[in-house]
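**Student:** Here you go, one structure.
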Amino acid sequence: MRARLLCVALLMSCAGSQRSGGAHWLGARVPVPPTREDLLDRAADGIARGDLVVAGDALTTLADRERKRPDRALDFWSELLALARCEPLPRVPRVSAADPPLVDPWDRLRRLVQIERVRLARNAEPPKEPPTMLTPARAAARTPGRVTWPLEPERWPDETPVPVLVERCPANPPALARNQPEHATDPEIALVSVAASTLPPDHPAAAPLSLEAAVLDLAHARPGRAVTALARLDSAGGAAAPPLDPGERRSAVLAAALAAIDDPSIPVDRVVATGRAALLLDLSPPAQRALALRLADRLTAAQRPNEAVAILGPPPHGEDALGRYIAFRQTEAHARANRRAELLAEAREALHRHGRQEVAADPALSAIMDMALRTLRASPVSPETMEVLEALGPPRERLERAEDFAAAALDGGAPLSAMTTFGWLYENDTEPRRQLKHLARECVAAARGGARAEFARTFHLLAGQEGSDESQKNLKANPKKADDGGLIASLEAEQHRDRRRATLSVDWQQALLVVARDAVTALVDSDDQPDLATLVATLKRHLDAAGRGPVDDELTTLYRAASAHLKSGPRAYAETVGAEHRPILLGNILVGREYAVERPQADLGGALEETGTLVFVPSRGSDPSLLHRWSPGVALASGGAR
């Protein structure tokens, strides 16, 4: 009877257990193992929430169950878990265009994660110390809020997971940062390019991946390949593709402009269109100038200089090396096109802050100053000319700039401009020694310009023989004036009135030598007999009356050479009688100047950035559809021990 009752109780217990949906054995509940889909969903949810312990536990369980069995979904989520832990890929996968394309959707998603881990390796800092085994309490106390708890790589079935503190992942993971594309290696570029070429245009990652390939190719001077990548971007929706964020859309427009500029096969009209679109972007001033200069270079090479000038625009262009070079380029272009006002505007803006020493030390500024002076001397000198000269630098250096201008005009074939400017300097300079120098060079300029009256006046004034007939009349009334030696000597006589001067000053004689040496060549070349006769007569009176001076030997040589080129008169006969040839006078040889201005590197200064994260994840762990763009959390949540 008891045995019968026991059997009935056991049967009723089994029936009740079956009705409740559980499986029991001798009263103990047997757990049902989670399915593959459940584990993948648990891993996906853990990564999304930042609970990497839960995700790692689920993936480890699935890996133990499917040992030696391929599972592409498991491979993808394991790769994504490593990225969430900020673990760079130790080696870049070797790929080539000849490899078969990735067809499986999980393989495509995994390749995107691999690319992101490779990018992470470029910015990842090495850990300050190796991972340390700590208890959860000690780890939380050590770095509160910044502790992640990934599992050990290997786990035994009966082992309890032990948390490991990893200090490699910073609060702002490098995967979120936009890297510098020039640091990418060739294997990485190949990895990105091949992946971009195999994705269908309707794939959500096609647009950002094609943009990434174009940016890397441009950073490594491969515009042709960048154009191909941008063509794939256009087929995927272009710069307005939904997956792209505003920064990536800006990079797409800029990349299109740079690729068109650098690829000679692109028509110039398309280059101009893409370049102008990029110039409308919110770029930094240095990047704006660098882009404009590259576009202007392309237009100049295409024989469209006016459009190049319009692209570079009016001043100011900046005070850095690139800005000064653009000012030089604009000034040079205006000079070739004979745009006088625009040239002077560029020169005024580029030079007005810089002194003569700064201008002389900078090739670009020196070239701009030279072109401005050449432009001014091409027209008659006027008060406006002197005001423009003052605007080309600090006002305190106005006289020095005017002297440079007059010297350039004298050497550059504009003697009348030089004569007028030296006369202005003679009247406005207060230093007697410099006045003497200005007067001498005014006399030389008058000789070269054929201004006979001005030459006679300045040379007589310089030699102390101005108005010789009137001087003879005044000599009887005021003998002391004759002893003063004329205008220049009278300036020095203010300090030596009590001592009779036996000879004229050394400075004065040096100035007389400069005039005689420089003027005689010009007078002989132009066959200016009246002024040549004036020069000879003035030198004769000086050599007869002045006595033995420090430069009388040189003056005598010039006097005899000039006399030999007179065509009539007793002085001419005395120097040429019995001679077969007249003495040869060597003049100056003017050589056209070339500006040695080096083009600085037109660096965009990081304006062309890489895309954001390239990782796309499915909404469910076992379904590779319904993708959305993923980015790791700024602060990864910490898990606990089990």
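The values are calculated or read from the model by the stated rules, or taken from the named source; none is laboratory data. What you see is a predicted model, and the numbers here were worked out from it, not measured in a lab. Cβ sites come from the backbone with ideal geometry, for glycine too, and all protein chains shown count toward neighbours. SASA here: full protein model, heavy atoms, side chains in, ligands and nucleic acids out. Shrake-Rupley method; radii C 1.70, N 1.55, O 1.52, S 1.80 Å.
**Student:** Between Ser526 and Glu387, what is the label-point separation in nm under the 7 Å Cα-to-beta-carbon projection?
**Tutor:** 3.1 nm
**Student:** At R0 = 22 Å, how high is the FRET efficiency between Arg452 and Glu427 if r is their beta carbon distance? Nearest 0.05 is fine.
**Tutor:** 0.55
**Student:** Now a separate question. Taking loop as defined by DSSP and a crowding limit of 12 other beta carbons within 10 Å, which trypsin sites (Lys or Arg not before Pro) in the stretch 53-100 fit?
**Tutor:** Loop-located and lightly packed - Arg67, Lys68, Arg91, Arg94.
**Student:** Just subtract the alpha-carbon distance of Gln601 and Ser235 from 0.36 nm times their residue separation and send over the number in nm, one decimal. Numbers along the way, then the final one.
**Tutor:** Numbers: separation 366, 0.36 × 366 = 131.76 nm, distance 3.34 nm.
Full extension of this stretch gives 128.4 nm more.
**Student:** Let me check something: with ligands and nucleic acids excluded, how do Glu116, Glu182 order by accessible area (1.4 Å probe), largest to smallest?
**Tutor:** My answer, sorted largest first, is Glu182, Glu116.
**Student:** Can you give me the solvent accessible area of His352 with a 1.4 Å probe, rounded to the nearest 10 Å²?
**Tutor:** 70 Å²
**Student:** Note down the nm distance, to one decimal, between modelled labels 7 Å out along Cα→Cβ at Arg67 and at Gln357.
**Tutor:** 8.1 nm
**Student:** Let's test the formula: R0 of 60 Å, r as the Cβ-Cβ distance of Ala273 and Thr35. What FRET efficiency results, to the nearest 0.05?
**Tutor:** Efficiency at R0 = 60 Å is approximately 0.60.
**Student:** Follow-up. How much of His628 can a 1.4 Å solvent probe reach, expressed as accessible area in Å² and rounded to 10?
**Tutor:** Accessible area, nearest 10 Å²: 90 Å².
**Student:** Sort Val309, Val271 by accessible area with a 1.4 Å probe, largest first.
**Tutor:** Ranking Val309, Val271 by accessible area, largest first, yields Val309, Val271.
**Student:** Follow-up question, since we're still on this one. Round to the nearest 0.05 the FRET efficiency obtained for Arg620 and Arg91 when R0 = 30 Å and r is the Cβ-Cβ distance.
**Tutor:** 0.45
**Student:** How would Arg249, Arg401, Arg232 line up by accessible area, probe 1.4 Å, largest first?
**Tutor:** Arg249, Arg232, Arg401
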